[in-house]
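Asker: I'd like to ask you about the structure that follows.
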Amino acid sequence: MSVGLVYHPIYLEHDTGMHCETAARLTSIMSRLKDSGTIDKLVPLNAQAASIDQVARVHSSSYIAGIESFVKCGGGYLDGDTVASPSSYEAALYAAGGVIATVDAVMSSEVTYSFALVRPPGHHAVHSAAMGFCIFNNIAIAARDAIAKHKLDRVMIVDFDVHHGNGTQDAFYNESDVLYFSTHQYPFYPGSGGVDEIGAGEGKGYTVDVPMPGGCGDREYMRAFEEVLVPVAQRYKPQLILISAGYDAHWADSIAGMQVSASGYTKMATILKELADELCNSRLVFALEGGYNLEALAVSVDATINVLLGSPKMGDASGKPRRIWSPPDTDDLFKRIKATHKLS
């Protein structure tokens, strides 16, 4: 059993200034992995830039060319949330290419599992627009590449970022070769991800959204995974599982209102690993999305990787939640989700 890691210095050159999605996110994670000794147990994987053809499986050619032109002119804000600097186009190509590299390494059995430590993140980027800190949709590009390159017809994407991955959902909403599952705070940015969004046409039933109210923590996330994700995955029988790994549902992250702990992420990663081992020959790839409290992010990524290494760490070095929430009642929500997707 081995775990691969993709990281490249170009990711730090995506300069967002005082934005919360900053290069310090990756340097904090790398420092934590080094200090804990985790980095020494990982297999380094080489990231290469995704080709235009690979990116164009998800994004329009005019949008790709527009990003390249925009950064050559100095960059700026692509929308109200998303910053691009002179190096952002190259960094975004390497982010998508980094996730592709981790998939290729898992599919070829070079490593058993892998983690792509990339930025800019990707799951909000839609066909012809940047959105929510994201330029190219890394996980969607890697899924489409895996389907084409490795002749797959059942890829499952699990997105546990606190925000709904609207771009990823849109990319596969009418398709059955990718099942998209998301847990997210709702109602919240970007406004999508309701229970009734289940896909359309050939994709009907292959979008599974778990929109949870603010204040949900480890208990509610375990319900989502155990009562919804596990039976959905077992029914779908994916050949590859890709994870949009956002850690902004952590209780210490001020960007949202969830109460997940590092132990909660450990439990989620454990379930995902068990599903991959059971259903798809351990083909499991994590790709970084959100997470903006630097300590909580670093601790949670380290905890996730140690699950893959077979040495899970329970407990949260960030301490205990300081915010006081009354646990929300989610019974009716889970009944509705299970009825919508015909789960017992």
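Asker: Pairs only if they're at least six apart or on different chains, beta carbon under 7 angstrom, first in the stretch 117-134 and buried (at least 24 other Cβ atoms within 10 Å of the Cβ), second of a type in the set (K, R); list them, first residue then second.
Answerer: Here the result reads R119/R25, each pair linking the stretch 117-134 to a residue that is of a type in the set (K, R).
Asker: Turning to a different aspect of this structure: Given the conditions (1) over 19 Å from F115 (Cβ atoms); (2) modelled with pLDDT of 95 or more; (3) in a loop (DSSP other than H, G, I, E, B), which single one is not true for K320?
Answerer: With (1) over 19 Å from F115 (Cβ atoms); (2) modelled with pLDDT of 95 or more; (3) in a loop (DSSP other than H, G, I, E, B) applied to K320, the lone miss is (2).
Asker: What's the total number of residues in the stretch 15-26 that are more than 23 Å from V103 (Cα to Cα) and in contact (Cβ under 8 Å) with a residue 12 or more places away in the chain?
Answerer: Result for the stretch 15-26: 8.
Asker: In addition: Show the residue pairs meeting these rules: Cβ distance below 8 Å; 6+ apart or different chains; first residue within the stretch 58-83 and touching a residue at least 12 places away in the same chain (Cβ under 8 Å); second residue loosely packed, with under 14 Cβ neighbours inside 10 Å and aliphatic (A, V, I, L, M).
Answerer: The qualifying pairs are I64/I52.
Asker: Condition first: assigned to a loop (DSSP other than H, G, I, E, B), among the polar types (S, T, N, Q) and either closer than 16 Å to Y11 by Cα or in contact with a Cys (Cβ under 9 Å, 6 or more places away or on another chain) (or both). Now tell me which residues in the stretch 49-108 satisfy that.
Answerer: T82, S85, S87
Asker: Could you please give the count of residues in the stretch 133-149 that are in contact with a strand residue (DSSP E or B) (Cβ under 9 Å, 6 or more places away or on another chain), under 11 Å from H59 (Cβ atoms) and of a type in the set (V, I, T)?
Answerer: So the answer is 1.
Asker: Can you confirm whether the stretch 199-219 contains a residue that is assigned to a helix (DSSP H, G or I) and in contact with a helix residue (DSSP H, G or I) (Cβ under 6 Å, 6 or more places away or on another chain)?
Answerer: The answer is yes, given that some residue of the stretch 199-219 is assigned to a helix (DSSP H, G or I) and in contact with a helix residue (DSSP H, G or I) (Cβ under 6 Å, 6 or more places away or on another chain).
Asker: If you check every pair at least six apart or on different chains, which have Cβ atoms under 8 Å apart with a residue in the stretch 31-55 that is on the phi < 0 side of the Ramachandran plot and touching a residue at least 24 places away in the same chain (Cβ under 8 Å) first and a residue that is in a loop (DSSP other than H, G, I, E, B) and polar (S, T, N, Q) second?
Answerer: Pairs found: V43/S2.
The values are calculated or read from the model by the stated rules, or taken from the named source; none is laboratory data. This is a predicted model, so every value here is computed, not measured. Every residue, glycine as well, gets a Cβ built from its backbone with ideal geometry; the counts of neighbours run over all protein chains shown.
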